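Undergrad: Attaching a single structure in structure tokens format; questions to follow.
The values are calculated or read from the model by the stated rules, or taken from the named source; none is laboratory data. Only a predicted model underlies this, so the values are computations on that prediction, with no experimental measurement involved. All Cβ positions, glycine included, derive from the backbone under ideal geometry; neighbour counts span all protein chains shown. The area values use the complete protein model at the heavy-atom level, side chains included, leaving out ligands, DNA and RNA. Shrake-Rupley method; radii C 1.70, N 1.55, O 1.52, S 1.80 Å.
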Amino acid sequence: MLLARYQHELIEAGCDEAGRGCLAGPVFAAAVILPPNFKHKLLNDSKQLAEDVRYKLRKEIEKKAIAYAVASVDNVEIDEINILNASFLAMHRAIEKLHLKPQFLIIDGNRFNKYQDTPHHCIVEGDAKYFSIAAASILAKTYRDDYMLQIAAEHPEYNWHTNKGYPTVKHRQTVLEIGYTPYHRRTFTVSDPQLSIF
């Protein structure tokens, strides 16, 4: 069972991102403030859950959260400031959109750019340890997937409806054969799948 809080004195928000390793599309992030004693037997790191479970959990998170917000940084901005800074910026934007200001942040991962004067703590694999980070991971992932499904119709040859912009063999082959779309991150290296070692 995951933990409800990292600390118990301050209003705490969990933050996570989705889409950091993709070749195309934005990086999305979410910030979630859950009730102090929140529990859920299924809620976990979004990568550990089936797609239909993620979407069911999204409805519950949005219903039960004290506050939540989702934000993104597009591929053009990613190329300008790099994906690490873009991930932090997406989290900052999500935090800014919360209708309740958090007093403490818990961040999935080992690095973060400080948000204003709000104290924070980075937690490696935090989405598998704390409910609020797991909830943020699910919101970020599902909202990003929704976006990728929308733009997939514009460029069906890249198979975004299934790979969601991640560097699958077919996605990399298509980029090498016909080039980039306006949604691709130009600073990301696209290698020949035939030369990859699996």
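Undergrad: Using a 1.4 angstrom probe, figure out how much accessible area the chain has per residue, in square angstrom, rounded to the nearest whole.
TA: Working: 9840 Å² over 198 residues.
About 50 Å² of surface per residue is accessible.
Undergrad: If you don't mind, there's one more thing I want to ask. Below 14 angstrom from the Cβ of Asp108, what's the summed charge of the other residues (Lys, Arg +1; Asp, Glu -1)? Provide the component values of the computation, followed by the final result.
TA: Numbers: positive: Arg20, Lys47, Arg111, Lys129, Lys141; negative: Glu12, Asp16, Glu17, Asp45, Glu125, Asp127.
Net of charged neighbours comes to -1.
Undergrad: Further question on the same structure: In deg cm²/dmol and to the nearest 500, what is the mean residue ellipticity at 222 nm of the chain if only DSSP H runs of at least 4 residues count, each as -39500 (n - 2.57), divided by the residue total? Spell out each step's value before the answer.
TA: Numbers: 6 runs with 72 residues, N = 198.
It lands at -11500 deg cm²/dmol.
Undergrad: Also: Explain nothing, just compute: Karplus ³J(HN,Hα) = 6.51 cos²θ - 1.76 cosθ + 1.60, θ = phi - 60°, for every residue of the range 21-38 in order, whole Hz, x for Gly and Pro.
TA: Once θ is set to phi - 60°, the couplings for the range 21-38 become x, 7, 8, 9, x, x, 9, 10, 9, 9, 10, 9, 10, 9, x, x, 9, 4 Hz.
Undergrad: Please name which of Ala65, Tyr6, Gly19 has its Cα lying farthest along the dipole of the range 1-65 towards the positive end, using unit charges on Cβ (Lys, Arg +1; Asp, Glu -1) and the Cα centre as origin.
TA: The Cα lying farthest towards the positive end belongs to Ala65.
Undergrad: Determine the share of the range 1-146's accessible area contributed by carbon and sulfur atoms, expressed in whole percent, with a 1.4 angstrom probe. Intermediate values should be presented prior to the final figure.
TA: Working: 3390 of 6660 Å².
Roughly 51 percent, rounded to a whole number.
Undergrad: When the convex hull of the C-alpha atoms of the range 134-198 is computed, what volume per residue in Å³ does it have?
TA: Enclosed volume per residue, from the Cα hull, is 108 Å³.
Undergrad: Of all the stretches in the chain, which is the longest one without any exposed loop site, taking GluC sites (Glu not before Pro) in a DSSP loop (any state but H, G, I, E, B) with at most 15 other Cβ atoms within 10 Å? Walk me through the numbers on the way to the answer.
TA: On the way: sites that count: Glu9, Glu125, Glu154.
Free of exposed loop sites, the longest segment is 10-124.
Undergrad: Could you tell me which of the pairs Lys141/Lys170; Lys39/Lys164; Lys63/Lys164; Lys41/Lys64; Lys56/Lys141 are separated by over 19 angstrom between their Cα atoms in the structure shown?
TA: Lys141/Lys170; Lys39/Lys164; Lys63/Lys164
Undergrad: Also, I was wondering about something else. Report, in debye and to the nearest 20, how large the dipole of the chain comes out about its Cα centre when Lys and Arg carry +1 and Asp and Glu carry -1 on their Cβ. Working shown, then result.
TA: On the way: 24 positive and 24 negative charges, 115 e Å.
The dipole of the chain has a size of about 560 debye.
Undergrad: Also, I was wondering about something else. With springs only between Cα atoms under 10 Å, which of Asn44, Asn163, Asn75 fluctuates most in a Gaussian network model of the chain?
TA: Of the options given, Asn163 has the highest mean-square fluctuation.
Undergrad: A further question follows. Looking at the chain, do any whole DSSP H helices span at least 30 angstrom along their long axis by alpha carbon and average 0.0 or above on Kyte-Doolittle, and which? Please list the in-between numbers first.
TA: On the way: long enough: 131-152 (31 Å, 0.50).
Answer set is 131-152.
Undergrad: Then there's this: Top mean-square fluctuation among Lys64, Lys41, Lys56, Gaussian network model of the chain, C-alpha springs under 10 Å?
TA: Lys41
Undergrad: Among rounded, prolate and oblate, which fits the range 10-68 when a ≥ b ≥ c are the square roots of the eigenvalues of its C-alpha gyration tensor, a/c under 1.5 means rounded, and a/b larger than b/c means prolate? Please list the in-between numbers first.
TA: On the way: a/c = 2.29, a/b = 1.41, b/c = 1.62.
Taking the square roots of the gyration eigenvalues as a ≥ b ≥ c, the range 10-68 is oblate.
Undergrad: Give me P(r) over the chain, computed from all C-alpha to C-alpha distances, binned every 10 Å, as integer percentages.
TA: Bin by bin from 0 Å, the calculated values are 10, 36, 33, 17, 5, 0.
Undergrad: Which whole-angstrom value gives the distance between the alpha carbon centres of the range 87-130 and the range 134-181?
TA: 25 Å
Undergrad: For the range 1-155, calculate the relative contact order in percent as a whole number, restricting contacts to Cα pairs under 8 Å that are 6 or more residues apart. It would help to have the intermediate numbers written out before the result.
TA: On the way: 315 pairs, mean separation 59.3, N = 155.
Result for the range 1-155 is 38 percent.
Undergrad: I need the phi-derived Karplus couplings for the range 159-166: 6.51 cos²θ - 1.76 cosθ + 1.60, θ = phi - 60°, integer Hz, Gly and Pro marked x.
TA: 6, 5, 5, 10, 8, 6, x, 6
Undergrad: For the range 45-98, just say rounded, prolate or oblate: build the C-alpha gyration tensor, square-root its eigenvalues into a ≥ b ≥ c, call rounded for a/c under 1.5, and beyond that prolate if a/b exceeds b/c, oblate if not.
TA: Values: a/c = 3.24, a/b = 1.63, b/c = 1.99.
Oblate shape, in that a/c is at least 1.5 and b/c is the bigger or equal ratio.
Undergrad: Classify the range 96-137 from the C-alpha gyration tensor, please: rounded if a/c falls under 1.5, else prolate or oblate depending on whether a/b exceeds b/c. It would help to have the intermediate numbers written out before the result.
TA: Details: a/c = 2.32, a/b = 1.32, b/c = 1.76.
Here the range 96-137 falls in the oblate category.
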